[in-house]
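A short worksheet on the structure shown next.
The values are calculated or read from the model by the stated rules, or taken from the named source; none is laboratory data. Computed from a predicted structure; not experimentally measured. Don't worry about glycine lacking a Cβ; one is built from the backbone with ideal geometry, like all the others, and counts go over all protein chains shown. Side chains included, ligands, DNA and RNA excluded: accessible areas come from the protein's heavy atoms. Shrake-Rupley method; radii C 1.70, N 1.55, O 1.52, S 1.80 Å.
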Amino acid sequence: MTAPMPVLPPEPPPSGPDGTDGTDKRKTRKESGQKQPTRLLAPLRETGKLFALAATVSREMFRRPFQFREFVEQFWFVASVTILPAALVSIPFGAVIALQVGSLTQQLGAQSFTGGASVLAVIQQASPIIVALLISGAAGSAICADLGSRKIREELDAMEVMGVSPIQRLVVPRVLATMLVAVLLNGLVSVVGTLGGYFFNVILQHGTPGAYLASFSALAQLPDLYISEVKALIFGFIAGIVAAYRGLNPRGGPKGVGDAVNQSVVITFMLLFFVNTVLTTIYLQIVPAKGS
């Protein structure tokens, strides 16, 4: 009988100059090298997913069947939570703009142009911004919380298993509702803000009603109303898309839903001010001022 071969102990891993394990060092270096690019690319990846959702929603808007009942319900909900706050907020906005512009024009000796300047500021800038902030803060947060709660209860996964698209069934009606309500609310805020500015200018600053209206007709033009409605439409689309995206991607259970709601409002505010700057710049370059 032959003697069994002796079992040799495994060779120790190569050590570095300081006596530490060289393999662990290489693993740590490799893992840190993988985490750093991932952390840097995370914002770009989230931005790409947001744009992909916007493209998907834009495509699904024209597919049948259209969820008309869901659209009507969401439209009524968004309108019910934003009409009264929009009317109440537009009055002090119009008053502050009218008082500030009136004080400035009085210092420059051009008090007769107070009406036109204040009304243009309300229609072009204040009205779409007010509407967008209210929709993203009131309706957008509710949309995000609703979709987020459905996501953590796995309702959206069940819909996909049954062959129902959550984007077409839930997201598209909500985005269309925010867009339509934004356009309609923009007209309401423009009218209420203009009336508030007129009241405060005539009553508190002793302006002339005829001069207020005459300056408005002398400086304003129809494209000013067009750009205001276009801004409101785009802002409503952005608010709905961001709220839906954060609601579809919550993290960490119920607490993640609350964090997603806060993030959706902040992200929407940042995007709105950036897009408003771009649209205003393009409009002022394309459409010349009246009388120029």
Residue that is modelled with pLDDT of 90 or more, part of a helix (DSSP H, G or I) and hydrophobic (A, V, I, L, M, F, W, C), where the choices are 257, 278, 261: 278
Candidate set from the range 236-270 (those that are in contact (Cβ under 8 Å) with a residue 24 or more places away in the chain, more than 17 Å from residue 53 (Cβ to Cβ) and under 9 Å from the mean Cα position of the chain (by Cα)); member that is least open to solvent (accessible area, probe 1.4 Å): 265
Selection from the range 46-90 of residues that are of a type in the set (Asp, Glu) and in contact with a Pro (Cβ under 6 Å, 6 or more places away or on another chain): 70
Residue that is farther than 30 Å from residue 107 by Cα and among the small types (Gly, Ala, Ser), where the choices are 218, 239, 214: 239
Residue 96 being modelled with pLDDT of 80 or more, over 23 Å from the mean Cα position of the chain (by Cα), part of a helix (DSSP H, G or I) and aliphatic (A, V, I, L, M): yes
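Residue-wise test of (1) open to solvent by less than 50 Å² (accessible area, probe 1.4 Å); (2) farther than 24 Å from residue 55 by Cα; (3) aliphatic (A, V, I, L, M); (4) in contact (Cβ under 8 Å) with a residue 12 or more places away in the chain.
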site	(1), (2), (3), (4)
193	yes, yes, no, yes
201	yes, yes, no, yes
207	yes, yes, no, yes
212	yes, yes, no, yes
222	no, yes, yes, no
226	no, yes, no, no
272	yes, no, yes, yes
279	yes, no, yes, yes
Some residue of the range 160-183 being open to solvent by less than 10 Å² (accessible area, probe 1.4 Å), under 17 Å from residue 267 (Cβ atoms) and touching a Lys or Arg at 6+ places or on another chain (Cβ under 6 Å): no
Test: residue in the range 107-116 that is closer than 14 Å to residue 196 by Cβ, open to solvent by less than 60 Å² (accessible area, probe 1.4 Å) and at pLDDT 75 or above: no
Enumerated helices (runs of 4 or more DSSP H) restricted to the range 111-186, each holding at least 3 residues that are within 21 Å of residue 261 (Cα to Cα): 127-134, 141-152, 155-161
